[in-house]
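The structure appears right after this line, and notes come after that.
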Amino acid sequence: MAHARAPHQSRCAPEVSVPENESTTAQPGLENLLHETRSFPPSPEFAAQANAQPALYEEARADRLAFWARQANDLVTWRTPFTETLDWSQAPVARWFADGTLNAAYNAVDRHVEAGLGDRVAIHFEGEPGDTRTVTYAELQRDVSRAANALAALGVETGDRVVIYLPMVVEAVVAMLACARIGAPHSVVFGGFSADALRSRIADAEAKLVITADGGYRRGAASALKPAVDEAIAPKEGADPTTVEHVLVVRRTGQDTAWTEGRDVWWHDALESADTTHTPVWVEAEHPLFILYTSGTTGKPKGILHTTGGYLTQAAYTHRNVFDLKAESDVYWCTADIGWVTGHSYVVYGPLLNGATQVIYEGTPDSPHQGRWWEIVEKYKVSILYTAPTAIRACMKWGEEIPARFDLSSLRVLGSVGEPINPEAWMWYRRVIGGDRTPIVDTWWQTETGAIMISPLPGVTAAKPGSAQVPLPGIVADVVDDEAHSVPNGGGGYLVLSEPWPSMLRGIWGDLERFKDTYWSRFPGIYFAGDGAKKDEDGDIWLLGRVDDVMNVSGHRLSTTEIESALVSNEIVAEAAVVGASDDLTGQAVVAFVILRGEHAARAADADGAAAVQTELRNHVAKEIGPIAKPKRILVVPELPKTRSGKIMRRLLRDVAENRTVGDATTLADSSVMELISAGLQKPSSSDD
Ligand code: WTA
């Protein structure tokens with residue numbers, strides 16, 4: 001549907017629409033997948049010592065619910081044991097382990113200290129400027145307890161929402177656990193999001209407190225964070241007064257920071273005066289643990305809701321089995337930011353529940369040099385590394401002589417997440433980083449699934465470069481056609497999850513109908529993930545990217561509609577259409593086609609004018625959503641291709657964006673439009689960052 005200035009018709013569009021006349025679009029490298037026959041079985045030594053053995057599949061197949069009950073009892077400590085594993089009577093809202101009670105922070109921290117492991121390092125922190133900090137489980141317990149007392153002193157009660165807007169520092173982990181300790185759901189907002197994005201998330205969750213920092217270090221400079229919070233909660237015409245009562249501020253960079261007396265409180269002051277012990281609040285298994293906003297197919301982000309018992313069970317189970325974690329000896333490092341779900345499940349809850357020792361790094365992989373990650377692997381003897389294909393491709397581009405300068409022999413398991421990994425990048429990751437020795441686990445999951453769903457098991461599965469392969473024991477997934485029939489091996493279709501799983505989302509914050517529409521209406525009674533997939537001749541699953549209007553840029557989900565809304569909110573834009581075009585580095589790149597409003601149309605008449613318009617609109621999107629959403633290219637066009645029903649034919653725009661011959665345009669309302677677009681385009685200029 002066209003995204004015109006007014007009315008915002010797309011708001012009425014179905015949440016998940018498989019575009020007319022469009023088949024699933026393949027990601028870079030995946031066109032060759034049927035020719036991909038390489039396979040890498042684990043070494044006999046690795047297989048013999050692995051946590052997960054083939055029997056795990058058999059156990060789960062024999063009795064799935066009994067299997068999950070065992071995981072919940074083995075991996076989580078319950079205050080009150082549960083008696084019922086799954087209540088699916090209110091489908092699609094599941095209740096797992098519902099009559100059990102527990103506390104997430106107790107499970108992540110206290111029980112390890114009680115077991116005599118207080119001196120074990122929980123976190124090796126590496127700041128971008130090179131400052132370091134080591135935090136043991138005993139120290140973490142004291143800090144989390146202090147922070148929980150500080151939150152309570154600021155009036156935060158069980159059930160209140162707290163927004164966390166922080167860089168990747170130890171305090172981010174402490175803040176999340178302190179919320180969990182008092183049963184106050186956290187909503188982490190990625191530090192790269194703008195004040196406007198932050199405002200809408202604070203308002204939707206009606207947050208009482210925001211935890212932020214003066215700033216963080218990025219690419220060698222201190223970058224301020226608190227001003228965005230000040231702007232996000234300042235009175236604004238047409239907006240309700242903010243629900244935020246206090247702002248708790250971590251001092252990270254020491255930069256000058258504007259202060260509102262009575263509202264703003266320094267983190268170090270609040271913690272200093274707080275008691276070092278705190279009794280966790282025991283909550284029911286279905287008590288909300290967090291909300292995490294993610295892009296959907298409309299302009300309004302969805303607050304994905306996760307609860308406590310089932311989420312923790314699956315986070316711990318997958319972390320232990322997919323990464324083969326040996327808590328006594330491994331050093332684990334997941335490079336994700338806590339602003340994304342990967343940071344929730346595989347920096348905070350999974351690793352800490354399992355008592356792991358992990359590395360947290362504040363900055364970017366190329367600061368101050370392109371070997372920074374490999375230097376960190378060598379320094380801390382990292383043995384398990386979990387990262388994203390986009391980062392691997394960036395390292396490939398920088399050249400393999402850079403990692404070759406460091407000793408990476410400590411690595412024994414490598415993981416990938418966030419987007420399909422093309423076989424070429426997979427092979428490079430294994431050879432250059434893994435020394436041709438380490439298993440690679442390509443893990444498919446989503447913010448909504450809470451934890452890994454489809455992945456090889458490193459000691460069991462013969463890994464195929466580019467395939468996530470098999471649902472984990474306890475998970476039931478399939479690839480189906482339009483009528484929800486399972487496709488045969490060799491066929492392609494839609495990825496679905498046919499049985500409930502413990503860490504599944506429990507809804508969209510404040511919008512049960514949207515939850516049902518978005519995930520459960522395409523195939524009634526079955527969860528539709530929004531991804532296209534294929535089964536190969538062995539029945540292994542290959543992910544093919546999104547089939548809805550969601551893009552995946554560097555492993556981050558961005559909605560085409562959200563960026564279109566941002567563009568048309570600029571006064572010079574009449575209409576906008578956004579597509580994700582294949583990009584060698586970032587998987588997909590945002591490309592926007594805009595029609596300027598009449599009085600501004602002449603501005604893009606020459607190359608300089610077009611460049612100025614592009615810069616202005618890119619900055620506008622950065623302000624509205626955040627720098628990650630900036631279009632790589634913005635093309636000013638006279639018309640957009642639409643079907644007779646007014647739906648934008650993105651397939652044709654993708655052809656233009658990817659410099660291909662434009663495909664079949666016969667269903668266009670006006671078939672001359674594509675000629676007009678192609679004729680009017682100057683040679684596209686690429687972005688500056
Ligand atoms: C994509 C990130 C292929 C997919 C954990 C999914 C993947 C979306 C993979 C979720 C993978 C994630 N192979 N595609 N291994 N992992 N995706 O919510 O399109 O940020 O629907 O969660 O990323 O993104 P989200």
(message) Going by what's in this entry, would E571 be described as charged (D, E, K, R) and either within 16 Å of the ligand (Cβ to nearest atom) or in contact with a Pro (Cβ under 7 Å, 6 or more places away or on another chain) (or both)?
(response) no
(message) Yes or no: the stretch 45-68 includes at least one residue that is in a helix (DSSP H, G or I), modelled with pLDDT under 95 and at negative phi.
(response) no
(request) Just give me the residues in the stretch 530-553 being at pLDDT below 90 and more than 10 Å from the ligand (Cβ to nearest atom), in sequence order. (result) D549
(message) Every residue in the stretch 534-569 that is among the basic types (K, R) and under 18 Å from the mean Cα position of the chain (by Cα), please.
(response) R546, R557
(request) Report yes if E157 is farther than 30 Å from A529 by Cβ and touching a Gly at 6+ places or on another chain (Cβ under 8 Å), otherwise no. (result) no
(request) Mind listing just one residue for me: the one in the stretch 409-439 that is touching a residue at least 60 places away in the same chain (Cβ under 8 Å) and within 13 Å of the ligand (Cβ to nearest atom) and, of those, surrounded by the most Cβ atoms within 10 Å (Cβ to Cβ)? (result) P420
(request) Test T447 against the criterion of being within 15 Å of the ligand (Cβ to nearest atom), surrounded by fewer than 21 Cβ atoms within 10 Å (Cβ to Cβ), over 24 Å from A47 (Cα atoms) and within 18 Å of the chain's Cα centre (by Cα), and give yes or no. (result) yes
(message) Being free of Cβ contacts under 8 Å to residues at least 60 places away in the same chain, among the charged types (D, E, K, R) and surrounded by fewer than 17 Cβ atoms within 10 Å (Cβ to Cβ) is the filter here; which residues of the stretch 216-245 pass it?
(response) E231, K236, E237, D240
(message) Can you pull out every residue in the stretch 343-359 that is within 12 Å of the ligand (Cβ to nearest atom) and either surrounded by fewer than 24 Cβ atoms within 10 Å (Cβ to Cβ) or not assigned by TED's automatic domain parsing to the domain that holds T77 (or both)?
(response) G343
(request) Count, please, the residues in the stretch 124-173 that happen to be crowded, with 23+ Cβ neighbours inside 10 Å and either closer than 19 Å to Y380 by Cα or touching a His at 6+ places or on another chain (Cβ under 6 Å) (or both). (result) 6
(message) For the stretch 169-190, which positions are over 25 Å from E286 (Cβ atoms) and out of contact with any Lys or Arg (no Cβ under 9 Å at 6 or more places or on another chain)?
(response) A172, F190
(message) Against the conditions (1) assigned to a loop (DSSP other than H, G, I, E, B); (2) of a type outside the set (F, W, Y); (3) touching a residue at least 24 places away in the same chain (Cβ under 8 Å), where does K516 fall short? Just the number, please.
(response) (1)
(message) Just to verify a result, which residue in the stretch 554-568, among those that are within 29 Å of D337 (Cα to Cα) and of a type in the set (A, V, I, L, M), is nearest to the ligand (Cβ to nearest atom)?
(response) L558
(request) Give me a count of the residues in the stretch 481-513 that are of a type outside the set (A, V, I, L, M) and assigned to a strand (DSSP E or B). (result) 5
(request) Look at E448 and say whether it is at pLDDT 95 or above and assigned by TED's automatic domain parsing to the domain that holds A222. (result) yes
(message) Let me confirm something: among A477, A462, A468, which residue is more than 16 Å from the chain's Cα centre (by Cα) and more than 13 Å from the ligand (Cβ to nearest atom)?
(response) A462
(request) Report those strands (runs of 3 or more DSSP E) wholly inside the stretch 111-187 carrying at least 1 residues which are more than 25 Å from the chain's Cα centre (by Cα), without any contact (Cβ under 8 Å) to a residue 12 or more places away in the chain and assigned by TED's automatic domain parsing to the domain that holds Q358. (result) 132-136
(message) Take P403 and tell me if it is more than 10 Å from the ligand (Cβ to nearest atom), in contact with a strand residue (DSSP E or B) (Cβ under 8 Å, 6 or more places away or on another chain) and of a type outside the set (A, V, I, L, M, F, W, C).
(response) no
(request) Tell me, please, whether a residue that is in a loop (DSSP other than H, G, I, E, B) and touching an Asp or Glu at 6+ places or on another chain (Cβ under 7 Å) can be found in the stretch 370-380. (result) no
(request) Kindly provide the set of residues from the stretch 485-503 that are closer than 26 Å to W96 by Cα, more than 13 Å from the ligand (Cβ to nearest atom) and surrounded by fewer than 24 Cβ atoms within 10 Å (Cβ to Cβ), ordered by number. (result) S498, E499, P500
(request) Considering (1) free of Cβ contacts under 8 Å to residues at least 60 places away in the same chain; (2) crowded, with 24+ Cβ neighbours inside 10 Å, say which one D478 fails and leave the rest. (result) (2)
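The values are calculated or read from the model by the stated rules, or taken from the named source; none is laboratory data. Since we're looking at a predicted model, the values are computed, not measured. Every residue, glycine as well, gets a Cβ built from its backbone with ideal geometry; the counts of neighbours run over all protein chains shown.
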